[in-house]
Structures are given as C-alpha cells and as structure tokens.
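For reference, the structure is listed below as structure tokens.
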Ligand SMILES: *Cc1c(COP(=O)(O)O)cnc(C)c1O
C-alpha cells in the first residue's frame, strides 16, 4: 500500500517510510491510498469474534500488503494485552472503556502498536531512531511506556510546563533509560510546533534519524480503529447495534479520525459526535464551514486542549473537503468546565458510573444529542484516577488509585527545562 500526503506535494511513500517520516516532506499528513471495505462475512461474524481476532482482520486490511501475516499477528497481539469493554452507563448509553492499558489512557493502543511496528522496520539497522513526541498529557506517557527499553530507539517527550496533571507528568518523567522528558515553557501548541520544526530541519535530519509518534503518524492513529469494531460488536451483541451513535471526546482528532476510517470500511454507525471542551475550532467549522485555528486554552479536560487539531487535514481529505457531507455525519458539541464537573457529579450519583473529565465531555454530548430509538457509545478515554483532584472535587468521594498508576508515582521526576524557541531545542537535540 502506498501513502500519499494530504498536501499533495510529496511523492507517495511506503508504509515503512510513512511511519519513519511521520510527516510528509510537504508538511502534509500521510493517508493510505485505499481504504478497503471489510467483507460482508466479516461483519456477520463480528459479534461473535474476540477483540484480537477482530483487530487482526482489520490490521490485515491496512497493513497486510506490507508486513508478513505472522509478524503482523505478533504486533497486534502484543499491542492488545488488555480489553476495551463496553460498559453500561444508562439503558441506552454505554462507555467504551479505553483505559485498561499500562498508562490508563486510550493512547496505549496506538503507541504500543507503533513501537512494535517501528522496531520491526528497524530490525538489523544499527542507526538509532529518535522519536519526538509533543504531549498535552497522555500521549507522552503512552509513547514513553510503549517504547521503554525498545532497543535502537530514543524518545524525547515535550510537554507544556505546569499544564499536565502531576500523575500524567510522573508517567513520563520517572522512566529513565531511553526516555528523556523536556519541560517546555509554553503551551501544547508550542510543543507541537517545536516537533514540526525539527522535522522540517533538513540539516538536523541529516545528522540524526528523527520520527514522530504524535497522532499524525499513521502507525499510531490507524490501529485505533480496532476498538471501534470491537465496540460496535459488543453493542450488537447486546441488541443495541442498530441506530448506533458514537461519540468521541476530541483534541487532535486522531481518535475520531480512526473511527471515520472504520466507518469507511463499512462499520455500521448511524452518526458520530465530536465532543470538544472550550477549544472548539472544529465545532465552529461545522457551524460555519470556515476553519479558524486559534491558541489553545486550558480546561479540565487538558488532553483535549488543542487549538489547531492536526488531524483536521485528514478529515477534510477523507471527505474531499465536502462540508455538507462532514456535517451530515458528524455533529459537534462544546462542554465547558462547569458542565464537566456537574456531569461527573450527576453521572456518578444517578448511574453509579465515574467519568474522567474527557469521558464526561463525551457522555454529556451524547446524552444531550441522543434521540428516541438511538443507542449511544462514547469513548471513556482515560481512567478517572488520572484526574484525581477534578474527579474528587466533582463527586466529593475518594477515588481509588489503581496499582499500576500508583507505581509510577513512586519514581523520581527527571526532566530538562527548555524555552519555546526552536534554537534551544535544536541545540539540545544536536548535543544529545
Ligand atoms: C489524547 C486524548 C484525547 C483526545 O484524543 P485525540 O485523538 O487527540 O482527539 C481525549 N482524551 C484523552 C484522555 C486523551 O488522552
């Protein structure tokens, strides 16, 4: 399979090149040339299949031409060491719990897949691959943990100073080994801009092998489609598969983009909702047809504090820029901080289900939008214990911290403070 750039000014790339480059030379995002619909027989069998078998069939459709079946199976099975159960919240609304991985957020799926794919492509190569990743909270920990101890790979995590929760921070600053945390004096968009500048820096690239593990990387965002198939299968099994509405709390729009790919492959979803916090540029786009990026602002759902979602370009490409087609399938919602808190509180009191601030945006948007005869599935993208103070403030109840999360908090924080100007970052990379 060849991959083309959304900007249309780069040659097509192999999967290997697309994964190693991350961003195309013209700064566009790579897209697979074809999205093959899954066969009818697959959909007939899907409700009875387990997660790994579903994922393997979907993975083969994307990557089967480029990776031998056995290696791909190993990569998929190694990635999915945990389940993504659909858990009942109300009679018609289920939570697709994506936080059962090692860092308790959905990004574990993409990060673990990408780490395995990269080390597969780098086998027998003695050059070190440097992975640069900008994080608004959860990407850093998922990528750092996905790559921890992987030979021939070094990871640099750039995160905005003071804008990630203490628990998130310790998940990537305490690891050591091949992981370096860079504390940037700026916001998430500044971190992302630094990473993008490094990729455009030909001189730097000639000195070191650079790759990106942000959701711009095809190896990170495409595997996320696996759990949408599994999620729909679970809803079908419960008799709730018809008129299904899927809601994705969105920041950089990689997660929802993978769901849109699944839909293009034939996954039966009636419509989708992109839930935003106050960073609502996509919501405004749906309303006006005009895309106006702006600086991100800080909210309680900090992993969605994105002012210029990088995967917007993929959505436009997928729908050939047809605004009407986009908004007839995807609707938007904006959930402010007060509503996040009241939603966490009310959902806990009324349904006994504890949401995290991101899942709260999803649940809220879905509850407000669901019509008679529809059922809904929203992504619970992180474990509530990762946002302890917010969640405890909302409910007034103590939250139990899972063991694998508590383990991170015992380590010693180590990070390198850097400004947001590119020069300093460049110098640091050159010297490291
Ligand atoms: C990253 C993240 C999001 C946003 O996902 P995108 O793919 O960037 O849209 C939502 N919730 C949590 C918990 C996250 O970590």
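The values are calculated or read from the model by the stated rules, or taken from the named source; none is laboratory data. Please read all numbers here as calculations on a predicted model, not as lab measurements. Glycine also receives a Cβ, built like all others from the backbone with ideal geometry; neighbour counts cover every protein chain displayed.
Annotations for the structure displayed:
- Subset of the range 143-159 (residues that are out of contact with any strand residue (DSSP E or B) (no Cβ under 6 Å at 6 or more places or on another chain) and crowded, with 23+ Cβ neighbours inside 10 Å): 145, 146, 159
- Cross-chain or 6+ apart pairs with Cβ under 8 Å, the range 122-136 first and more than 21 Å from residue 173 (Cβ to Cβ) and in contact (Cβ under 8 Å) with a residue 12 or more places away in the chain, then part of a loop (DSSP other than H, G, I, E, B) and more than 16 Å from the ligand (Cβ to nearest atom): 122/152; 125/152; 126/152; 127/152; 128/152; 128/208; 129/122; 129/152
- Listed by position, the helices (runs of 4 or more DSSP H) enclosed by the range 164-258 that each have at least 2 residues that are surrounded by 24 or more Cβ atoms within 10 Å (Cβ to Cβ) and within 16 Å of the ligand (Cβ to nearest atom) are 166-173, 188-200, 218-221, 225-237.
- The range 100-118, residues that are surrounded by fewer than 24 Cβ atoms within 10 Å (Cβ to Cβ) and under 18 Å from residue 55 (Cα atoms): 100, 116
- Counted residues, the range 394-419 - those being over 24 Å from the mean Cα position of the chain (by Cα), part of a loop (DSSP other than H, G, I, E, B) and crowded, with 16+ Cβ neighbours inside 10 Å: 1
- Considering the range 376-385, and only residues there that are within 16 Å of the ligand (Cβ to nearest atom) and touching a strand residue (DSSP E or B) at 6+ places or on another chain (Cβ under 7 Å), the residue that is farthest from residue 101 (Cα to Cα) turns out to be 377.
- Residue 121 being over 30 Å from residue 239 (Cα atoms), more than 16 Å from the ligand (Cβ to nearest atom), surrounded by 24 or more Cβ atoms within 10 Å (Cβ to Cβ) and at pLDDT below 95: no
- Of the numbered criteria (1) within 20 Å of the chain's Cα centre (by Cα); (2) part of a helix (DSSP H, G or I), the one residue 343 fails is (1).
- In the set (1) part of a loop (DSSP other than H, G, I, E, B); (2) within 11 Å of the ligand (Cβ to nearest atom), the condition left unmet by residue 373 is number (2).
- Taking the conditions (1) over 20 Å from residue 387 (Cβ atoms); (2) in contact (Cβ under 8 Å) with a residue 40 or more places away in the chain in turn, residue 322 satisfies each one other than (2).
- Wholly within the range 264-334, helices (runs of 4 or more DSSP H) carrying at least 3 residues that are under 19 Å from the mean Cα position of the chain (by Cα) and away from the ligand (no atom under 12 Å from the Cβ): 312-318
- In the set (1) within 16 Å of the ligand (Cβ to nearest atom); (2) at pLDDT 85 or above, residue 138 fails one condition alone, (2).
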